[in-house]
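Everything on this sheet refers to the single structure shown next.
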Amino acid sequence: MTFLLYVHVLALVYWLGGDLGTFLASRYITRSDLGVEARKTAFAILQECDLGPKLAMPLTLGSGFHLTVLYWPSLFPAGSPGLVWLVVLIWLGLVWAQHVSHGANPILPRIDLVLRYGIVAGVIGLAVIGWQQGLPDHVALKMLVFAGLVACGIAVRFALRPFAMAYLKMVSDGASPETDLAMVRHLAHCRRYVWLIWIGLFINAALGLRLLSI
């Protein structure tokens, strides 16, 4: 249990820290006073920083659910932690494959997106089943918040698509007021979901501390 708790806390640290690095790097991509090469470097840093949260999210799911089952073993079907960890391993593999391929395989993001939709639905279902069986309210809420975080991550992906198009146009054709404005506008839209993710992580950290006090 101690190791799982360690992984769970470490995942939170990397999730928040990596998100902060991604957030700060994104500000340099949209700076019109920087050259294209400097902004490409900022984008490369953003991608590397973003790997931390992408890996932390599956680990949060696996360690968090396993801890929940250890605390309340009679509330969930036998073998459910193993099934969840299998999903986590698949998720981690997809994240890593997309990172090293740099988007060269368009099938991987589609599979990843379908998996994330399934995880949102699955976590909500587990939270409801657990709550109906006697899972404490704050633990069920923690699971629902996590499902919301994954959903926000999906929203970020869709919000980034027009930003990516403007960024690629800047790289290929050079910077222009039009591409700069487009990137600023679309990143501002994307950051709304990032703020929601941070708020959700703060809430879940507080709920986790309450769990430890039981």
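The values are calculated or read from the model by the stated rules, or taken from the named source; none is laboratory data. Since this is a predicted model, take the numbers as computed values, not measurements. FYI the Cβ positions are ideal-geometry reconstructions off the backbone, even for glycines, and counts take in every protein chain you see.
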Tell me, which residue of the stretch 68-88 that is surrounded by fewer than 20 Cβ atoms within 10 Å (Cβ to Cβ) and in contact (Cβ under 8 Å) with a residue 24 or more places away in the chain is farthest from GLN133 (Cα to Cα)?
VAL87
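Touching a Gly at 6+ places or on another chain (Cβ under 7 Å), among the β-branched types (Val, Ile, Thr), assigned to a helix (DSSP H, G or I) and in contact (Cβ under 8 Å) with a residue 60 or more places away in the chain: is that true of VAL145 in this structure? Walk me through it before giving the result.
Values: touching a Gly at 6+ places or on another chain (Cβ under 7 Å): yes; among the β-branched types (Val, Ile, Thr): yes; assigned to a helix (DSSP H, G or I): yes; in contact (Cβ under 8 Å) with a residue 60 or more places away in the chain: yes.
Yes: the conditions hold for VAL145.
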Return only the number of the condition from (1) closer than 28 Å to LEU168 by Cα; (2) assigned to a helix (DSSP H, G or I); (3) out of contact with any Lys or Arg (no Cβ under 8 Å at 6 or more places or on another chain) that VAL9 does not satisfy.
(1)
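Rundown of residues vs (1) under 18 Å from LEU59 (Cβ atoms); (2) touching a Gly at 6+ places or on another chain (Cβ under 7 Å); (3) part of a helix (DSSP H, G or I), yes/no style:
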{"site": "LEU149", "(1), (2), (3)": "yes, yes, yes"}
{"site": "SER172", "(1), (2), (3)": "no, no, yes"}
{"site": "GLU178", "(1), (2), (3)": "no, no, yes"}
{"site": "ARG185", "(1), (2), (3)": "no, no, yes"}
{"site": "TRP195", "(1), (2), (3)": "no, no, yes"}
{"site": "ILE199", "(1), (2), (3)": "no, no, yes"}
{"site": "LEU207", "(1), (2), (3)": "yes, no, yes"}
Applying the selection to the stretch 20-47, what residues are in contact with a Phe, Trp or Tyr (Cβ under 7 Å, 6 or more places away or on another chain) and of a type outside the set (A, V, I, L, M, F, W, C)?
ARG39
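Conditions (1) more than 16 Å from GLY208 (Cβ to Cβ); (2) outside any helix (DSSP H, G or I); (3) modelled with pLDDT of 95 or more; (4) touching a Pro at 6+ places or on another chain (Cβ under 7 Å), marked per residue:
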{"position": "SER74", "(1), (2), (3), (4)": "yes, yes, no, no"}
{"position": "ILE90", "(1), (2), (3), (4)": "yes, no, yes, no"}
{"position": "HIS99", "(1), (2), (3), (4)": "yes, no, no, no"}
{"position": "ILE129", "(1), (2), (3), (4)": "yes, no, no, no"}
Can you tell which of LEU67, LEU59, LEU55 is part of a helix (DSSP H, G or I), modelled with pLDDT of 90 or more and over 18 Å from the mean Cα position of the chain (by Cα)?
LEU67
Looking at VAL145 and the list (1) crowded, with 17+ Cβ neighbours inside 10 Å; (2) under 16 Å from SER80 (Cβ atoms), which single condition is not satisfied?
(2)
Of all residues in the stretch 89-120, which are closer than 19 Å to VAL156 by Cβ and surrounded by fewer than 11 Cβ atoms within 10 Å (Cβ to Cβ)?
HIS102, PRO106, ARG110, VAL114
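Considering each residue of the stretch 125-135, count those that are surrounded by fewer than 18 Cβ atoms within 10 Å (Cβ to Cβ) and in contact with a Lys or Arg (Cβ under 9 Å, 6 or more places away or on another chain), and give that number. Quick ask: steps written out before the conclusion?
Taking the stretch 125-135 as the starting set, the residues that turn out to be surrounded by fewer than 18 Cβ atoms within 10 Å (Cβ to Cβ) are 125, 128-129, 131-134.
From what's left, in contact with a Lys or Arg (Cβ under 9 Å, 6 or more places away or on another chain): none.
Qualifying residue count for the region: 0.
Out of ARG185, ARG192, ARG210, report the one residue that is on the phi < 0 side of the Ramachandran plot and touching a residue at least 40 places away in the same chain (Cβ under 8 Å).
Working: ARG185 fails: touching a residue at least 40 places away in the same chain (Cβ under 8 Å); ARG192 fails: touching a residue at least 40 places away in the same chain (Cβ under 8 Å).
Going through ARG185, ARG192, ARG210 in turn, the sole match is ARG210.
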